[in-house]
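All remarks here apply to the structure that follows.
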Amino acid sequence: MEYKITDSKVLVTGGAGFIGSNLIDDLLLNGNQVVCLDNFSTGKRENLEEALENPDFKLIVGDIRDKQVCMDAVKGCAYVLHQAALGSVPRSIADPITSTEVNITGFVNMLYAAKEEKVKRFVYAASSSTYGDHPDLPKVEHKIGNSLSPYSITKFVNELYAANFSKIYGIETIGLRYFNVFGRRQDPDGAYAAVIPKFVSSLIRHESSKINGDGTYSRDFTYIENVLQANHLAAAVPTERIRTGLVHYQQEVKDAPLSSSEETLSEVVNVAYGERASLNELVVSLKENLSQYDPQIREIQFDYGPAREGDVPHSLASIQKAKSILGYDPKYSLQRGLKEACNWYWENA
Ligand SMILES: NC(=O)c1ccc[n+]([C@@H]2O[C@H](COP(=O)([O-])OP(=O)(O)OC[C@H]3O[C@@H](n4cnc5c(N)ncnc54)[C@H](O)[C@@H]3O)[C@@H](O)[C@H]2O)c1
């Protein structure tokens with residue numbers, strides 16, 4: 001049985017962004033009342049077009065750096081899905097102060113507001129960047145290296161605060177370490193655009209893009225539908241079911257740390273598909289998909305530039321823990337997701 005959030009009031013922070021707006025549409029489809037808190041710093045009103053028509057949706061334009069705004073937004077909510085943050089490794093290298101204020105102070109404000117409101121569970125967007133320079137592949141949750149950017153520090157600090165709040169205030173928390181999410185509505189523009197929307201939109205315009213490095217760097221690209229499933233499960237799977245899953249997981253992965261059943265639930269899991277593709281392979285797949293709409297796209301050549309600071313060469317998730325404790329079962333492979341994403345970008349170009 002797959003657990004879902006239904007008939008509940010849910011706060012989605014960062015709901016005008018890529019992941020948040022997809023979550024909101026899905027929550028509304030499942031009969032929830034949804035509150036969105038966003039300051040539109042990177043999100044867009046057009047991402048909320050459908051939601052704004054729905055009487056079960058409420059938009060609060062505000063900043064998570066303001067504690068009172070967080071307290072007001074969470075009133076009456078059973079769950080928080082905290083997505084608001086300034087993403088992007090290079091953005092955090094260019095402006096570490098703002099990334100720290102939003103991603104750490106804003107996070108703590110929201111977590112504090114959630115525990116004051118006694119929400120059932122606080123689910124938050126963590127990040128695969130927390131693995132830093134740890135060499136192991138696939139990445140397992142309890143083995144992390146040194147951070148390679150201010151962004152990855154902020155995301156790791158979120159996990160520390162979540163665990164600490166669970167311990168001292170008794171709020172259940174689950175962090176979802178997303179791995180390179182892609183899909184409809186991900187912003188293709190701007191200096192900090194993610195690689196898939198950036199490449200797709202330049203191919204549609206018949207423009208070449210630059211690959212950082214020699215194209216052999218690889219990522220566990222994760223389609224948005226898998227992320228939606230993970231959020232539902234992280235909020236809705238009963239605590240006892242998670243604890244039983246943890247016992248199984250700890251039997252399978254002998255060096256995984258034991259978590260005590262006396263303590264309030266606080267876990268972190270990888271959210272990915274569990275396969276990796278290199279940037280060169282990605283470009284081939286994108287061209288293949290898009291040339292169905294426009295055959296000339298197949299001929300477009302990409303340039304190569306230096307590797308980017310803060311980037312790890314390879315990333316691949318073990319999704320064993322998410323499977324064991326949440327019953328996570330991602331349905332969208334990279335190829336299946338790319339087909340849908342390319343179709344969406346083509347139709348919305
Ligand atoms: N997209 C990915 O591949 C990926 C990978 C790992 C982690 N994450 C995390 O997932 C979350 C969502 O990412 P996304 O890709 O949808 O990014 P996004 O930029 O599309 O969405 C972030 C949203 O947060 C809002 N926001 C930013 N600062 C805010 C503030 N001070 N107050 C209120 N709202 C604010 C933005 O306006 C935006 O709507 C982020 O926490 C990000 O760090 C994303």
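The values are calculated or read from the model by the stated rules, or taken from the named source; none is laboratory data. Every value quoted in this text rests on a predicted model; they were computed, and no experiment measured them. So basically every Cβ, Gly included, is an ideal-geometry build from the backbone, and we count neighbours across all protein chains shown. Only protein heavy atoms, including side chains, enter the accessible area calculation; ligands, DNA and RNA are left aside. Shrake-Rupley method; radii C 1.70, N 1.55, O 1.52, S 1.80 Å.
Key figures
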item: So ASN47, is it more than 8 Å from the ligand (Cβ to nearest atom) and polar (S, T, N, Q); result: no
item: Subset tally (residues that are closer than 15 Å to PHE179 by Cα and in contact with a Gly (Cβ under 7 Å, 6 or more places away or on another chain)) for the stretch 331-349; result: 1
item: Residue in the stretch 76-103 that is nearest to the chain's Cα centre (by Cα), counting only those that are among the aliphatic types (A, V, I, L, M) and away from the ligand (no atom under 11 Å from the Cβ); result: VAL80
item: Matching residues, the stretch 272-303, being hydrophobic (A, V, I, L, M, F, W, C) and open to solvent by less than 50 Å² (accessible area, probe 1.4 Å); result: ALA272, ALA277, LEU279, LEU282, VAL283, LEU286, LEU290, ILE297, ILE300, PHE302
item: Residues satisfying the stated conditions in the stretch 89-113, i.e. surrounded by fewer than 18 Cβ atoms within 10 Å (Cβ to Cβ) and not hydrophobic (A, V, I, L, M, F, W, C); result: PRO90, ASP95, PRO96, THR98, GLU101, THR105
item: Pairs where the first residue, in the stretch 249-260, is free of Cβ contacts under 8 Å to residues at least 40 places away in the same chain and the second is open to solvent by 30 Å² or more (accessible area, probe 1.4 Å) and not in a helix (DSSP H, G or I), C-beta under 9 Å, 6+ apart; result: GLN250/PRO257; GLN250/LEU258; GLN250/SER259; SER259/SER266
item: Strands (runs of 3 or more DSSP E) (entirely within the stretch 114-224) containing at least 3 residues that are open to solvent by less than 10 Å² (accessible area, probe 1.4 Å) and either away from the ligand (no atom under 12 Å from the Cβ) or modelled with pLDDT of 95 or more (or both); result: 121-127, 173-178
item: Some residue of the stretch 54-67 being buried (at least 23 other Cβ atoms within 10 Å of the Cβ), modelled with pLDDT of 95 or more and under 20 Å from the mean Cα position of the chain (by Cα); result: yes
item: Out of SER208, SER202, sole residue that is in contact with a strand residue (DSSP E or B) (Cβ under 7 Å, 6 or more places away or on another chain) and over 21 Å from SER129 (Cα atoms); result: SER208
item: Contacts under 6 angstrom Cβ, first residue in the stretch 183-200 being over 20 Å from SER99 (Cβ atoms), partner at pLDDT below 95, 6 or more apart; result: PHE199/SER209
item: The lone exception for VAL61 - which of (1) within 13 Å of the ligand (Cβ to nearest atom); (2) touching a residue at least 40 places away in the same chain (Cβ under 8 Å); (3) of a type in the set (A, V, I, L, M) it fails; result: (2)
item: Members of the stretch 7-44 that are within 13 Å of the ligand (Cβ to nearest atom), hydrophobic (A, V, I, L, M, F, W, C) and more than 19 Å from ALA114 (Cα to Cα); result: ALA16, PHE18, ILE19, PHE40
item: Members of the stretch 304-345 that are assigned to a strand (DSSP E or B) and surrounded by fewer than 20 Cβ atoms within 10 Å (Cβ to Cβ); result: TYR304, GLY305, HIS314
